[in-house]
Amino acid sequence: MSCLICAGPAQRIVCDGSWEECKCPDCGHYRIADALVLALMDQGQIFDVPKARAWLGTQPVVGGIPSIEVAHGLLLG
């Protein structure tokens, strides 16, 4: 699987709910809402990699994993 932020190699983690969870050696361990992944694909957008990585580093974690929801992710695209 590819990282949803930087498109580099990443490990997909199976998780509950409507999330995509990845472990990337460069971006870290994170979750992205399925709705955000679909919205970005529909709009042909990708993440600004440095901005997304920096943002993840400042976020509180839910269950030990930072999460990007639709409201935040569209700002990082």
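Bear in mind these aren't lab numbers, they're just calculated from the coordinates by the rules spelled out. Since the structure is predicted, the reported quantities are computational estimates derived from the model, not experimental observations. We place every Cβ from the backbone using ideal geometry, glycine too, and count neighbours over all the protein chains shown.
For the pair Ala7 and Lys23, label points projected 7 Å from Cα toward Cβ lie 2.5 nm apart. The convex hull around the C-alpha trace of the chain, projected and averaged over every direction, spans 4.6 square nanometres.
Amide H contacts of Cys3: Gly8, Ala10, each under 5 Å away and 5 or more positions distant or on a separate chain (H built 1.01 Å from N in the peptide plane; Pro and chain starts excluded).
Per-residue ellipticity at 222 nm for the chain, helices alone: DSSP H runs ≥ 4 residues times -39500 (n - 2.57), over residue total, nearest 500 deg cm²/dmol? Please report the intermediate quantities before stating the final value.
Numbers: 3 runs with 27 residues, N = 77.
It comes out at -10000 deg cm²/dmol, rounded to the nearest 500.
Each Lys and Arg contributes +1 and each Asp and Glu -1, all at the Cβ; summed about the Cα centre of the chain, the dipole is approximately 220 debye.
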